[in-house]
Amino acid sequence: MQKILGAVVVLLIMVGNFSYAIADDFSISVGLKSWYNWMSLPSIEDSTGKDIGKTSAALMVGPTIKAQNNNMYAGISFLVSTNDYEVIDYTEPTSWGDYNLKGTASRNDFDIFIGYMLTPRFAVNAGYKGIFMSMKLDATLGSIFDANAKNDLRYNLGALGVGGNIPIGEKIIVFINGNALLGTIKADETYSSNWGQPDRSENATAWGGSAEIGGAYLITTNLSVNIGFKYQYLDDDMSELSDGDNDVQFYGLTMGMEYRF
């Protein structure tokens with residue numbers, strides 16, 4: 001992480017130093033963004049084949065900073081979940097006692113990006129996306145079985161994307177952007193139970209993509225607020241820690257504000 005942050009600092013310094021000769025074309029923007037999103041996992045079935053998984057929401061919030069010089073821009077952003085997703089909360093009576101299953105998940109994001117405005121209305125970009133998820137599962141069966149599992153997932157993904165904007169009058173801008181993701185995922189599973197099971201880990205290829213559409217309103221020349229809808233899809237080819245059905249979907253409302261110096 002320190003190497004990544006160091007590279008970002010060097011990149012922003014390079015962009016900033018280049019701007020001294022043409023200071024009028026250089027700007028720095030800082031902002032706060034949020035994503036209230038639902039997480040949808042693959043089907044979780046009970047003994048009868050009924051899907052018992054839950055689709056629940058979490059609010060992610062974090063800062064963003066961007067430096068722009070002429071047509072080129074670069075920046076970083078963070079998003080941290082303020083509450084857990086509820087993955088499953090299930091109870092089934094059995095002859096050995098109640099079978100209880102409860103699962104939660106949390107997520108944090110880190111992004112580095114650099115882009116180029118091909119026209120005032122269309123841009124291309126590339127970067128790195130780190131997604132860090134922690135999933136916890138507690139299972140009990142009467143007094144016979146008691147288990148706790150934690151699965152830490154780290155996605156290291158390269159990103160390629162495009163974006164466009166259309167002004168409507170002097171105050172409103174409609175925007176749309178999307179990107180493709182490709183990289184790796186590392187899963188570390190820790191497990192404790194009265195039956196015993198060793199910890200496990202796995203590395204695999206991961207991929208996905210996202211799309212967002214929304215609008216921004218210019219309160220002043222320098223201050224704007226925005227709202228939109230974002231969809232994201234993630235998948236991987238892990239086989240040891242899963243049954244091969246690994247796609248995860250996130251979708252929900254984005255909101256933010258930005259100030260340009």
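Among all residue pairs at least 6 apart or on different chains, which show Cβ distances below 7 Å where the first residue, located in the stretch 215-231, is closer than 15 Å to Thr64 by Cα and the second is of a type in the set (D, E, K, R) and surrounded by 14 or more Cβ atoms within 10 Å (Cβ to Cβ)?
So the pair list comes out as Ser224/Glu258.
Report yes if some residue within the stretch 11-33 is modelled with pLDDT of 90 or more, polar (S, T, N, Q) and surrounded by fewer than 16 Cβ atoms within 10 Å (Cβ to Cβ); otherwise report no.
Yes, there is a match, as at least one residue in the stretch 11-33 is modelled with pLDDT of 90 or more, polar (S, T, N, Q) and surrounded by fewer than 16 Cβ atoms within 10 Å (Cβ to Cβ).
Could you please find all residues in the stretch 125-146 being aliphatic (A, V, I, L, M) and surrounded by 15 or more Cβ atoms within 10 Å (Cβ to Cβ)?
First, pick out the residues of the stretch 125-146 that are aliphatic (A, V, I, L, M): 126, 131, 133, 135, 137, 139, 141, 144.
Correct list: Ile131, Met133, Met135, Leu137, Ala139, Leu141.
Given the residues Thr184, Thr190, Thr140, which is the only one that is of a type in the set (Ser, Thr, Tyr), over 26 Å from Asp235 (Cα atoms) and assigned to a strand (DSSP E or B)? Before you say what the answer is, go through the steps one by one.
Working: Thr184 fails: over 26 Å from Asp235 (Cα atoms); Thr190 fails: over 26 Å from Asp235 (Cα atoms).
When all the criteria are applied, what remains is Thr140.
If Ile168 passes every condition in (1) surrounded by fewer than 16 Cβ atoms within 10 Å (Cβ to Cβ); (2) touching an Asp or Glu at 6+ places or on another chain (Cβ under 6 Å) but one, which one does it miss?
Of (1) surrounded by fewer than 16 Cβ atoms within 10 Å (Cβ to Cβ); (2) touching an Asp or Glu at 6+ places or on another chain (Cβ under 6 Å), only one is false for Ile168: (2).
Show the residue pairs that are 6+ apart or on different chains and have beta-carbon atoms under 9 Å apart, the first residue being within the stretch 86-103 and exposed (fewer than 15 other Cβ atoms within 10 Å of the Cβ), the second being part of a strand (DSSP E or B) and modelled with pLDDT under 75.
Trp96/Phe145
Being under 26 Å from the mean Cα position of the chain (by Cα), under 18 Å from Glu212 (Cβ atoms) and not hydroxyl-bearing (Ser, Thr, Tyr) narrows it down to one residue among Ala159, Ala149; which is it?
Details: Ala149 fails: under 18 Å from Glu212 (Cβ atoms).
Ala159 is the lone residue from the list that is under 26 Å from the mean Cα position of the chain (by Cα), under 18 Å from Glu212 (Cβ atoms) and not hydroxyl-bearing (Ser, Thr, Tyr).
The values are calculated or read from the model by the stated rules, or taken from the named source; none is laboratory data. Computed from a prediction, not measured in an experiment: that's the story for all the values here. As a convention, Cβ positions derive from the backbone with ideal geometry for all residues, glycine included, and neighbour counts pool all protein chains shown.
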